[in-house]
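So the structure is just underneath, and the comments pick up after that.
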Amino acid sequence: MVSSPTITPNFCDDRRPPACSPQGARTITPVKRLRIGVVGAGTAGAAAAIFLARAGHAVALYERVAAPGPVGAGITLQPTGQAVLARLGLLDAIVARATQIDGLLCRRPDGRAVVDLHYADLDPALRGYGLHRGVLFEALFAAAGAESRIALHCGVAIASTTLADGGA
(Lines give C-alpha, C1' and ligand atoms only; values in the text may rest on other atoms or scores of the structure.)
Protein backbone atom coordinates (compact mmCIF):
# COMPACT_ATOMS: atom_id res chain seq x y z
CA MET A 1 0.00 0.00 0.00
CA VAL A 2 1.38 3.40 -1.02
CA SER A 3 0.64 6.25 1.32
CA SER A 4 0.40 9.82 0.18
CA PRO A 5 1.33 12.82 2.32
CA THR A 6 -1.48 14.54 4.17
CA ILE A 7 -1.73 18.26 3.56
CA THR A 8 -3.96 20.04 6.00
CA PRO A 9 -4.69 23.56 4.74
CA ASN A 10 -4.91 26.23 7.38
CA PHE A 11 -7.72 28.62 6.48
CA CYS A 12 -7.25 30.66 9.64
CA ASP A 13 -5.86 34.14 9.63
CA ASP A 14 -3.77 35.87 12.28
CA ARG A 15 -6.87 37.00 14.19
CA ARG A 16 -7.96 33.44 15.04
CA PRO A 17 -5.11 31.29 16.34
CA PRO A 18 -7.31 29.06 18.57
CA ALA A 19 -9.26 27.76 15.57
CA CYS A 20 -6.17 27.03 13.49
CA SER A 21 -5.10 23.63 12.34
CA PRO A 22 -2.71 21.20 14.00
CA GLN A 23 1.07 21.60 14.07
CA GLY A 24 2.76 21.21 10.73
CA ALA A 25 -0.16 22.42 8.63
CA ARG A 26 0.49 24.70 5.68
CA THR A 27 -1.00 28.16 5.52
CA ILE A 28 -2.79 28.89 2.27
CA THR A 29 -2.59 32.56 1.40
CA PRO A 30 -4.80 33.69 -1.45
CA VAL A 31 -2.98 35.41 -4.30
CA LYS A 32 -5.84 37.87 -4.66
CA ARG A 33 -8.43 38.88 -2.08
CA LEU A 34 -11.80 38.25 -3.66
CA ARG A 35 -15.37 39.44 -3.16
CA ILE A 36 -17.38 36.21 -3.00
CA GLY A 37 -21.10 35.63 -2.78
CA VAL A 38 -22.42 32.50 -1.07
CA VAL A 39 -26.06 31.60 -1.61
CA GLY A 40 -27.71 29.89 1.34
CA ALA A 41 -26.81 30.22 5.02
CA GLY A 42 -27.47 26.58 5.86
CA THR A 43 -24.81 24.15 7.01
CA ALA A 44 -22.66 24.13 3.87
CA GLY A 45 -23.14 27.80 2.99
CA ALA A 46 -22.28 29.08 6.46
CA ALA A 47 -19.23 26.80 6.73
CA ALA A 48 -17.99 27.83 3.28
CA ALA A 49 -18.48 31.52 4.09
CA ILE A 50 -16.53 31.18 7.34
CA PHE A 51 -13.62 29.37 5.65
CA LEU A 52 -13.52 31.95 2.84
CA ALA A 53 -13.65 34.89 5.26
CA ARG A 54 -10.86 33.42 7.38
CA ALA A 55 -8.80 33.05 4.21
CA GLY A 56 -9.08 36.82 3.84
CA HIS A 57 -11.89 37.15 1.31
CA ALA A 58 -14.84 39.53 1.60
CA VAL A 59 -17.94 37.34 1.69
CA ALA A 60 -21.58 38.24 1.10
CA LEU A 61 -23.76 35.46 2.53
CA TYR A 62 -27.32 35.50 1.14
CA GLU A 63 -30.24 33.70 2.78
CA ARG A 64 -33.76 33.58 1.34
CA VAL A 65 -35.41 33.35 4.78
CA ALA A 66 -35.82 36.70 6.53
CA ALA A 67 -35.26 35.31 10.04
CA PRO A 68 -33.38 32.00 9.72
CA GLY A 69 -33.77 29.57 12.57
CA PRO A 70 -33.14 25.95 13.42
CA VAL A 71 -35.29 23.46 11.54
CA GLY A 72 -35.07 19.80 10.73
CA ALA A 73 -34.68 16.55 12.57
CA GLY A 74 -31.95 14.43 14.06
CA ILE A 75 -28.69 13.89 12.19
CA THR A 76 -25.53 11.90 12.73
CA LEU A 77 -22.32 13.88 12.76
CA GLN A 78 -19.66 11.61 11.29
CA PRO A 79 -15.89 11.96 11.84
CA THR A 80 -15.34 13.86 8.58
CA GLY A 81 -17.90 16.47 9.59
CA GLN A 82 -16.33 16.62 13.04
CA ALA A 83 -12.96 17.41 11.44
CA VAL A 84 -14.46 20.35 9.54
CA LEU A 85 -16.17 21.69 12.65
CA ALA A 86 -12.93 21.33 14.62
CA ARG A 87 -11.16 23.41 11.95
CA LEU A 88 -13.83 26.06 12.43
CA GLY A 89 -13.38 25.94 16.22
CA LEU A 90 -17.01 24.84 16.71
CA LEU A 91 -16.78 21.12 17.46
CA ASP A 92 -16.60 21.27 21.26
CA ALA A 93 -19.69 23.47 21.58
CA ILE A 94 -21.67 21.22 19.22
CA VAL A 95 -20.54 17.95 20.83
CA ALA A 96 -21.56 19.34 24.23
CA ARG A 97 -25.17 19.28 22.95
CA ALA A 98 -24.94 15.87 21.23
CA THR A 99 -25.06 12.20 22.18
CA GLN A 100 -22.10 9.96 21.42
CA ILE A 101 -22.69 7.11 18.99
CA ASP A 102 -20.26 4.18 19.16
CA GLY A 103 -21.67 2.24 16.23
CA LEU A 104 -24.38 1.94 13.62
CA LEU A 105 -26.43 -1.16 12.88
CA CYS A 106 -29.05 -1.20 10.13
CA ARG A 107 -30.99 -4.36 9.27
CA ARG A 108 -33.24 -5.35 6.42
CA PRO A 109 -36.72 -6.63 7.29
CA ASP A 110 -35.38 -10.20 7.09
CA GLY A 111 -32.82 -9.38 9.81
CA ARG A 112 -29.74 -9.32 7.59
CA ALA A 113 -27.33 -6.51 8.53
CA VAL A 114 -26.87 -3.92 5.80
CA VAL A 115 -24.64 -1.65 7.87
CA ASP A 116 -22.71 -2.81 10.90
CA LEU A 117 -20.17 -0.17 11.80
CA HIS A 118 -18.26 0.02 15.06
CA TYR A 119 -16.18 3.20 15.01
CA ALA A 120 -13.58 1.80 17.43
CA ASP A 121 -12.83 -1.02 14.95
CA LEU A 122 -11.48 1.64 12.59
CA ASP A 123 -9.81 3.83 15.21
CA PRO A 124 -10.39 3.92 18.98
CA ALA A 125 -10.65 7.72 18.83
CA LEU A 126 -13.50 7.71 16.29
CA ARG A 127 -17.17 8.08 17.14
CA GLY A 128 -20.29 9.61 15.73
CA TYR A 129 -22.62 12.07 17.42
CA GLY A 130 -26.39 12.28 17.28
CA LEU A 131 -27.89 15.75 17.45
CA HIS A 132 -30.68 17.92 16.17
CA ARG A 133 -29.85 19.67 12.91
CA GLY A 134 -30.74 22.95 14.63
CA VAL A 135 -27.73 22.64 16.97
CA LEU A 136 -25.43 22.57 13.95
CA PHE A 137 -27.30 25.43 12.27
CA GLU A 138 -27.22 27.67 15.36
CA ALA A 139 -23.46 27.22 15.84
CA LEU A 140 -22.58 27.82 12.18
CA PHE A 141 -24.99 30.73 11.71
CA ALA A 142 -23.70 32.46 14.86
CA ALA A 143 -20.08 31.92 13.80
CA ALA A 144 -20.80 33.34 10.35
CA GLY A 145 -22.47 36.37 11.91
CA ALA A 146 -19.44 36.95 14.13
CA GLU A 147 -16.98 37.09 11.21
CA SER A 148 -16.12 40.68 10.30
CA ARG A 149 -15.47 39.72 6.66
CA ILE A 150 -18.97 38.24 6.21
CA ALA A 151 -21.88 40.50 5.30
CA LEU A 152 -25.07 38.54 6.04
CA HIS A 153 -28.11 39.38 3.90
CA CYS A 154 -31.30 37.66 5.10
CA GLY A 155 -34.63 37.79 3.31
CA VAL A 156 -32.90 37.93 -0.09
CA ALA A 157 -33.89 35.41 -2.74
CA ILE A 158 -31.32 34.93 -5.50
CA ALA A 159 -33.01 34.36 -8.85
CA SER A 160 -29.88 34.24 -11.03
CA THR A 161 -26.19 35.03 -10.96
CA THR A 162 -23.55 36.29 -13.37
CA LEU A 163 -19.78 36.20 -13.16
CA ALA A 164 -17.95 39.49 -12.79
CA ASP A 165 -14.38 40.59 -13.56
CA GLY A 166 -13.86 37.91 -16.23
CA GLY A 167 -14.58 35.03 -13.84
CA ALA A 168 -14.69 31.57 -15.31
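The values are calculated or read from the model by the stated rules, or taken from the named source; none is laboratory data. As the structure is a computational prediction, the values presented were derived from the model and not from experiment. Note: ideal-geometry Cβ built from the backbone for every residue, glycine included; neighbour counts use all protein chains shown.
Can you confirm whether Pro124 is more than 29 Å from Val156 (Cα to Cα), modelled with pLDDT under 95 and either touching a helix residue (DSSP H, G or I) at 6+ places or on another chain (Cβ under 8 Å) or not hydrophobic (A, V, I, L, M, F, W, C) (or both)? Before you say what the answer is, go through the steps one by one.
Working: more than 29 Å from Val156 (Cα to Cα): yes; modelled with pLDDT under 95: yes; either touching a helix residue (DSSP H, G or I) at 6+ places or on another chain (Cβ under 8 Å) or not hydrophobic (A, V, I, L, M, F, W, C) (or both): yes.
It is true that Pro124 is more than 29 Å from Val156 (Cα to Cα), modelled with pLDDT under 95 and either touching a helix residue (DSSP H, G or I) at 6+ places or on another chain (Cβ under 8 Å) or not hydrophobic (A, V, I, L, M, F, W, C) (or both).
Give me a count of the residues in the range 110-166 that are in a helix (DSSP H, G or I), within 17 Å of the chain's Cα centre (by Cα) and of a type outside the set (Phe, Trp, Tyr). First the steps, then the outcome.
Quick first cut of the range 110-166, residues in a helix (DSSP H, G or I) only: 119-122, 133-146.
Retained after the next criterion (residues that are within 17 Å of the chain's Cα centre (by Cα)): 133-146.
Narrowing the set further to residues that are of a type outside the set (Phe, Trp, Tyr) leaves 133-136, 138-140, 142-146.
Final tally of qualifying residues: 12.
Can you tell me which residues in the range 70-82 are more than 13 Å from Ala46 (Cβ to Cβ) and in contact (Cβ under 8 Å) with a residue 12 or more places away in the chain?
Residues satisfying the conditions are Val71, Gly72, Ala73, Gly74, Ile75, Thr76, Leu77, Gln78, Pro79, Gln82.
Of the residues that sit in the range 56-74 and are modelled with pLDDT under 95 and hydrophobic (A, V, I, L, M, F, W, C), which one is farthest from Gly134 (Cα to Cα)?
Restricting to residues being modelled with pLDDT under 95 and hydrophobic (A, V, I, L, M, F, W, C), the top hit is Ala66.
When the range 79-116 is examined, which residues are found to be among the charged types (D, E, K, R), under 20 Å from Ala139 (Cα atoms) and touching a Phe, Trp or Tyr at 6+ places or on another chain (Cβ under 8 Å)? Before the answer, list the steps.
Restricting attention to the range 79-116, the residues satisfying the condition of being among the charged types (D, E, K, R) are 87, 92, 97, 102, 107-108, 110, 112, 116.
After this cut, where a residue has to be under 20 Å from Ala139 (Cα atoms) as well, the list is 87, 92, 97.
Correct list: Arg87 only.
From the set of residues in the range 63-108 that are basic (Lys, Arg) and not in a loop (DSSP other than H, G, I, E, B), which is farthest from His153 (Cα to Cα)? Working first, answer last.
Here is the first cut: in the range 63-108, the residues basic (Lys, Arg) are 64, 87, 97, 107-108.
Filter once more, so that each one left must be not in a loop (DSSP other than H, G, I, E, B): 87, 107.
Numbers: Arg87: 25, Arg107: 44 Å.
Among those residues, the one meeting the criterion is Arg107.
Leu104: touching a Leu at 6+ places or on another chain (Cβ under 6 Å) and surrounded by fewer than 16 Cβ atoms within 10 Å (Cβ to Cβ), yes or no? Even if it seems obvious, please write down each step before you answer.
Values: touching a Leu at 6+ places or on another chain (Cβ under 6 Å): yes; surrounded by fewer than 16 Cβ atoms within 10 Å (Cβ to Cβ): yes.
Taking the combined requirement at face value, the residue satisfies it.
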